[in-house]
Amino acid sequence: MSTIRPIAVLSLVVASALVAGGCSSSSAAEESTGAAAAETVTFSWDRNVAGEDEEPRYEETTVEVPADPEKIVVFDMASLDTIGALGGEVAGAPLDSVPEYLQGYLAEDAFNAGTLFEADLVEIESQQPDLIVVGGRSSALYEDLSEIAPTVDLSLTGSYTEHLERSATFLGQVLGAEEEAATALAEVEAGIEEARAVASAAGTGLGVMVSGGKLSALAPSGEDASGRGARGGLIYDAFGVQPVVEDVEAATHGEPISFEFLLEHDPDYLWVIDRDAATGAEGTQAAAAVLDNDIVKQTTAYQQDHVVYLDPTAWYIVFGGLDTTQIMIDDVMQIAQ
């Protein structure tokens, strides 16, 4: 990503040197410089403009984003992932929320932009960013941040693969890395298809979230194909796992489940996300310890060594981005080994 911008003084020196050769050359150079500086990429999305306690009301929002921005601030971890994977660098982010495997995509002097829920508006404005990216948890920050710099919301919408293609293609255009984006997308989409083939042929499965010593069943997203619903349903929707029951939520009467539920429905595979490990909760049991009991040991999944522990940061915190998707693919492909 280029960090070079047109410098007025240099332009004046060049123009002065060309005076003897005629004004037309100088004018052409200035027009070319102006055209390059004005180059933008257009991004549109449906933004929820309703108040916090109101029914969602969506309005198409279009933003002109500067191409090859020098300073990018990112609140959406999936976007940070993709920007870095495409060769870009992030100048500011909620530093305490950036996973270890994405730290290398931050600039050496990256500044702390706040948290996923509250932006440090004073610090961000003082840094004069060229582009700000929000998404998911940080979408509510859009109004305030858009007053500082061009801001886009890359929250997950549509299917997982549709969203990944849309965001990676857009960021590739912004970074001048269109070919890299196309190549990376082709690779991860092929990986997803391979993982789907393996998972769908492996029998039934149940996604389980473990937190505070308790279990919650994950369900296919269905109509809730964004945000929390999409995150919980990824193992089915994107990776082809066959739900052990057709309507998981109806079967559980809501999300919380007992160990007896696992034995009653007895899926061939258990796909486990340790939420406490993802959030860094202290004083809690690891998911493996929670599931280490006499009831779970009677299940087919346990007896067949089919309890698969998914990377908690990738599946719960980030759940998007090019590198993270490869982590997810590798997680699912464990069962092919």
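What the table shows:
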| item | result |
| --- | --- |
| Residue count for segment 111-123, restricted to those that are modelled with pLDDT of 95 or more, open to solvent by less than 50 Å² (accessible area, probe 1.4 Å) and out of contact with any strand residue (DSSP E or B) (no Cβ under 6 Å at 6 or more places or on another chain) | 2 |
| Filter result (open to solvent by 10 Å² or more (accessible area, probe 1.4 Å), in contact with a strand residue (DSSP E or B) (Cβ under 8 Å, 6 or more places away or on another chain) and under 18 Å from F117 (Cα atoms)) within segment 78-97 | L95, D96 |
| Single residue of V272, V244 found to be out of contact with any Asp or Glu (no Cβ under 9 Å at 6 or more places or on another chain), β-branched (V, I, T) and either closer than 30 Å to L116 by Cα or surrounded by 21 or more Cβ atoms within 10 Å (Cβ to Cβ) (or both) | V272 |
| Pairs with Cβ under 6 Å, 6+ apart, first in segment 310-326 and within 25 Å of E180 (Cα to Cα), second hydroxyl-bearing (S, T, Y) | A314/T324; V318/T324; G321/T82; L322/T82 |
| Residue within segment 75-83 that is over 20 Å from S167 (Cα atoms) and in contact with a Gly (Cβ under 6 Å, 6 or more places away or on another chain) present | no |
| Enumerated helices (runs of 4 or more DSSP H) restricted to segment 248-337, each holding at least 2 residues that are within 28 Å of G88 (Cα to Cα) and modelled with pLDDT under 95 | 275-279 |
| Filtered residue count, segment 137-159, keeping only those that are open to solvent by less than 50 Å² (accessible area, probe 1.4 Å) and closer than 21 Å to V98 by Cα | 11 |
| Criterion (small (G, A, S) and within 21 Å of L80 (Cβ to Cβ)) met by exactly one of A195, A184, A201 | A184 |
| The listed residue being under 15 Å from S155 (Cβ atoms), modelled with pLDDT under 95 and over 18 Å from the mean Cα position of the chain (by Cα), out of V63, V49 | V49 |
| Verdict on E147 being among the acidic types (D, E) and within 16 Å of E89 (Cα to Cα) | no |
| Set S216, S221, S167, S211: member being hydroxyl-bearing (S, T, Y), modelled with pLDDT under 90 and surrounded by 18 or more Cβ atoms within 10 Å (Cβ to Cβ) | S221 |
| Residue list for segment 110-149, filter: part of a helix (DSSP H, G or I) and under 20 Å from V318 (Cα atoms) | G136, R137, S138, S139, A140, L141, Y142 |
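The values are calculated or read from the model by the stated rules, or taken from the named source; none is laboratory data. Please read these numbers as outputs of a predicted model, since none were measured by experiment. Backbone-built Cβ (ideal geometry, glycine too); neighbour counts: all protein chains shown. Keep in mind that these areas ignore ligands, DNA and RNA; they rest on the heavy atoms of the full protein, side chains included. Shrake-Rupley method; radii C 1.70, N 1.55, O 1.52, S 1.80 Å.
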